[in-house]
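Working notes, structure below.
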């Protein structure tokens, strides 16, 4: 029971941290990382250890799928150069630089193990980036780059990580003659496997019509894709990313609103739970390691951790600033007519992209997945946690003030596209029932015409929401709910009728709450 009780306490404390994060307007991974530190230095007698083979599948697969499912292929295509430069070049440089630093400070560590820690700390995390950026108003292009690079970063670095583990296990290095074919096979095979499995899952998904079965099958298929990719010798990371992107665009896999709305809530909750557990479990694992380490060794670990943190931040900043400056010159030279100082890459966008490279659950999970007999495992766990904590606290807490100080502003294209989509969908709805003489058709046509007019007026204005229209809808919903409660209290209606109408009002409430 001690493990079960420990998990309950961890989740309860994590929920408390989420509440504090919302109240203080902080990214919640920051507080979770600080809580992990507290657990690591607290005198706990609880031993909590997960099998390394389970850690990546349990923590990374659902988190990656959730982030990849919402990825915009259009935006990715438009910014593929910047995204790939970060996912391949910046990550490769970071991995190499960290490996050199670690090997210099710890000469006894094998090069393969040094490369492994470089791969562990190199990729910014998709979830950490999303939570850090949630309350920060960034130019759309910068936001797209940060969210998309995190997905591809994970794929490239975890491939390096797996090759490094194989090199350590074999007792030697792996040459280019082995790496190149393995990389090509993993890249192509994983992408193809992800697409094929998405099509197969889509055929099954269309047959599922009840909410519990649909959500359970989503998790089963996610872990199934991961396991299948491992069995086939592919990269489960790439397979999950291609699987999620394909599944999100398959008409056969597109669920009804009745299935989609609750599944979104469940997935959001699952990602938060996994973040809580990952940060707290590494605290539990680090505790005994820190307690058993001699004082002089712990001091050396701190030095190595600080050096790795500085390297991770420094290499990324140098690359993003250089890339932004070079891109600006190229665009200005090749397309002078398009030059507009407010929209082109410059040192400010380079600084923001570089400073937003926070690490999170993927770094923690890959560190936890190191085998128990891995060289210098305790020190590598310490370094991974130091980098995650350092980037979340130093960069995560200063990103918003930095964005405000740099005055990075632009018209939000998403708001404009939302207005355009509302007008187009309202027109389609009106056209479909224009000649319908049913009693409710005229009412629905009037409602759609009103929605179209509101969207048109917003588009002609400054592109912002129309508070009066939204407030009117919200006020009417409050009155309807109060009246519904009165009807149940005085016995006019029973609970069955109450819950049916309540569900209708909930749907209307969601529509009002999500209007922009």
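Couple of notes before you dig in:
- Residue pairs meeting the criteria (Cβ under 6 Å; at least 6 apart or on separate chains; first in the same structural domain as residue 30 (by TED's automatic domain parsing) and surrounded by fewer than 18 Cβ atoms within 10 Å (Cβ to Cβ), in region 261-283; second modelled with pLDDT under 85 and not in a helix (DSSP H, G or I)): none
- Of the helices (runs of 4 or more DSSP H) contained entirely in region 327-408, those carrying at least 1 residues that are modelled with pLDDT of 80 or more and surrounded by fewer than 19 Cβ atoms within 10 Å (Cβ to Cβ) fall at 347-355, 377-390, 399-406.
- Complete set of residues in region 231-242 that are touching a residue at least 40 places away in the same chain (Cβ under 8 Å) and either part of a helix (DSSP H, G or I) or not assigned by TED's automatic domain parsing to the domain that holds residue 55 (or both): 236, 237, 238, 239, 240, 241, 242
- Of the residues making up region 171-178, none is assigned to a helix (DSSP H, G or I) and modelled with pLDDT of 75 or more.
- Any hit, region 411-420, residues being over 30 Å from residue 38 (Cα atoms), in a helix (DSSP H, G or I) and at pLDDT 85 or above: no
- Note on region 18-49: residues that are at pLDDT below 80 and surrounded by fewer than 16 Cβ atoms within 10 Å (Cβ to Cβ) total 8.
- Residue in region 243-250 that is in the same structural domain as residue 29 (by TED's automatic domain parsing), farther than 14 Å from residue 219 by Cβ and without any contact (Cβ under 8 Å) to a residue 24 or more places away in the chain present: no
- Screening the candidates 132, 100, 83 for the property of being touching a helix residue (DSSP H, G or I) at 6+ places or on another chain (Cβ under 7 Å), at pLDDT 85 or above and in a helix (DSSP H, G or I) yields one hit, 83.
- Options 56, 11: the member that is farther than 15 Å from residue 365 by Cβ, in a helix (DSSP H, G or I) and in the same structural domain as residue 392 (by TED's automatic domain parsing): 11
The values are calculated or read from the model by the stated rules, or taken from the named source; none is laboratory data. All values reported here derive from a predicted model rather than from experimental measurement. When we count neighbours, we look across all protein chains shown, and the Cβ atoms used for this are built from the backbone with ideal geometry, even at glycine.
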